[in-house]
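Student: For reference, the structure I am asking about is given below.
The values are calculated or read from the model by the stated rules, or taken from the named source; none is laboratory data. On a predicted model such as this, the values are computed, not experimentally measured, just so you know. Here the Cβ positions follow ideal geometry from the backbone for every residue, glycine too, while neighbour counts run over all protein chains shown.
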Amino acid sequence: MNKFSITFVALAAMAGMAFAQAKTGSAGGAAATGAGATVKAGAGAGSAGAKVGAGATAGAAAGSGSAAAAPKMEMPKPPAEIAATLKAMGNRMNCTGTTWGGADGKTEMKMKGTGTSALALDGWFIKGSVTMTMGEGKAKGTLKIDNYMTWDAKAGKWRSIGAANDGAIMVGTSEMSKDGKSMDSMSDMYGGMMGDGKFREHGDMSDPKAGMHMVGEKSNDGGKTWSKVYDMTCKK
C-alpha cells in the first residue's frame, strides 16, 4: 500500500504546514505584545499603565502587519497532458468482448459495457466510470469500476487508483508508446473476486476504426504465472 501511504503523508504535511503558519502568526503577535509590556514595566508608576497600553498597541500592530504580509497561497496548475488526453479519449466508450470466470476462473463468458470519462478535482484527474455485464441468466453479473488517473510529469507516467463493486482496489502506473499506438499498465490489486496480486493490461490503438483492443491478465503469485481475465474492444 505504499502509494496510498504517499497520499496520506502529503495530506498530513499540508495540514501540518497550515497549523504551523497559524501558530507562528499567533506567537509573533503575543511575543511583540509581551516585549512591549516588559520594556515599559520599568518606568514610573504614574505612567506605567499608559506605556504598557502603548506597548500592547504596538505589538498588536506588528502582529497585524505580519499577517498582512503573508504570501498568498496559490494552488498548482494541472499538467496540460491531462485535459489533452481526455479530449483524445472522448467522454464515452462502448466495449464488447470475452472474460473468464467461474469457480475455476476458466469459464468463458461474453461481456459488454459502457464507460464515461470526465475531468475531476479541478482538472488534476480524469475520472472514469465503467459498468460491465458478464454472462447470461442466473450466471449474469454486473461489475462497476470507478477510476482516477493523473499525469506524473517527473516520472513520465500515468498513475491511477481504482475501486470496484466487489471490494477490489487497484493502484498502478501506465505508459504510452512513443508513437501513441499502444499502452501498457501494471497495478497492485487487493481484495475482490480476483484476490491480492498483480494486474497488467495492454491496449492496442493502431487501428482507430477498429477501436482500442485491450487484454487484461492477473497474477496471484507475484508475477510468476499469469492468467487471462478479459479480451475486449472499446469504441467511442
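Student: Considering only residues that are surrounded by fewer than 16 Cβ atoms within 10 Å (Cβ to Cβ) and more than 18 Å from Phe125 (Cα to Cα), which ones fall in region 173-187?
Tutor: Ser177, Lys178, Asp179, Gly180, Lys181, Asp184, Met186
Student: Considering Gly162, Gly203, Gly192, which residue is of a type in the set (Gly, Ala, Ser) and in a loop (DSSP other than H, G, I, E, B)?
Tutor: Gly192
Student: Something else: Output yes when any residue across region 174-183 is touching a residue at least 12 places away in the same chain (Cβ under 8 Å), touching a Cys at 6+ places or on another chain (Cβ under 8 Å) and in the same structural domain as Tyr230 (by TED's automatic domain parsing), and no when none is.
Tutor: There is no residue in region 174-183 that is touching a residue at least 12 places away in the same chain (Cβ under 8 Å), touching a Cys at 6+ places or on another chain (Cβ under 8 Å) and in the same structural domain as Tyr230 (by TED's automatic domain parsing).
Student: Sticking with this one: Please find, among Ser129, Ser160, the residue that is of a type in the set (Ser, Thr, Tyr), under 27 Å from Asn220 (Cα atoms) and surrounded by fewer than 16 Cβ atoms within 10 Å (Cβ to Cβ).
Tutor: After applying the criteria, what remains is Ser129.
Student: So, one more: Could you run through region 179-201 and say how many residues are under 15 Å from Ala164 (Cα atoms) and of a type outside the set (Gly, Ala, Ser)?
Tutor: 7
Student: Starting from region 122-146, take each residue that is in the same structural domain as Gly97 (by TED's automatic domain parsing) and list its partners that are outside any strand (DSSP E or B) and among the β-branched types (Val, Ile, Thr), counting only C-beta distances under 8 angstrom and pairs at least six apart or across chains.
Tutor: Qualifying pairs under 8 Å: Gly123/Ile82; Trp124/Ile82; Phe125/Ile82; Ile126/Ile82; Ile126/Thr85.
Student: Just wondering, is there one or more residues in region 89-101 that are at pLDDT below 70 and over 28 Å from the mean Cα position of the chain (by Cα)?
Tutor: The answer is no, given that none of the residues of region 89-101 is at pLDDT below 70 and over 28 Å from the mean Cα position of the chain (by Cα).
Student: I would also like to ask the following. Looking at region 202-220, is at least one residue β-branched (Val, Ile, Thr) and either within 23 Å of Gly97 (Cα to Cα) or outside the structural domain of Thr98 (by TED's automatic domain parsing) (or both)?
Tutor: Within region 202-220 (the criterion being β-branched (Val, Ile, Thr) and either within 23 Å of Gly97 (Cα to Cα) or outside the structural domain of Thr98 (by TED's automatic domain parsing) (or both)), the answer is yes, since at least one residue qualifies.
Table: residues versus (1) farther than 29 Å from Asn91 by Cα; (2) out of contact with any Gly (no Cβ under 9 Å at 6 or more places or on another chain); (3) exposed (fewer than 13 other Cβ atoms within 10 Å of the Cβ).
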residue	(1), (2), (3)
Lys198	no, no, no
Asp204	no, yes, no
Lys209	no, yes, yes
Ser219	yes, no, no
Lys235	no, no, no
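Student: Can you list residue pairs whose Cβ atoms sit under 9 Å apart, with the first residue in region 147-163 being without any contact (Cβ under 8 Å) to a residue 12 or more places away in the chain and the second being part of a strand (DSSP E or B) and of a type in the set (Asp, Glu)? Count only pairs 6 or more apart in sequence or on different chains.
Tutor: Hits for this filter: zero, empty list.
Student: Restricting to region 109-155, count the residues that are assigned to a loop (DSSP other than H, G, I, E, B), of a type in the set (D, E, K, R) and within 23 Å of the chain's Cα centre (by Cα).
Tutor: Within region 109-155, residues that are assigned to a loop (DSSP other than H, G, I, E, B), of a type in the set (D, E, K, R) and within 23 Å of the chain's Cα centre (by Cα) number 2.
Student: Looking for something of a type in the set (Phe, Trp, Tyr) and within 17 Å of Met232 (Cβ to Cβ) - is there at least one such residue anywhere in region 139-162?
Tutor: No, every residue in region 139-162 fails to be of a type in the set (Phe, Trp, Tyr) and within 17 Å of Met232 (Cβ to Cβ).
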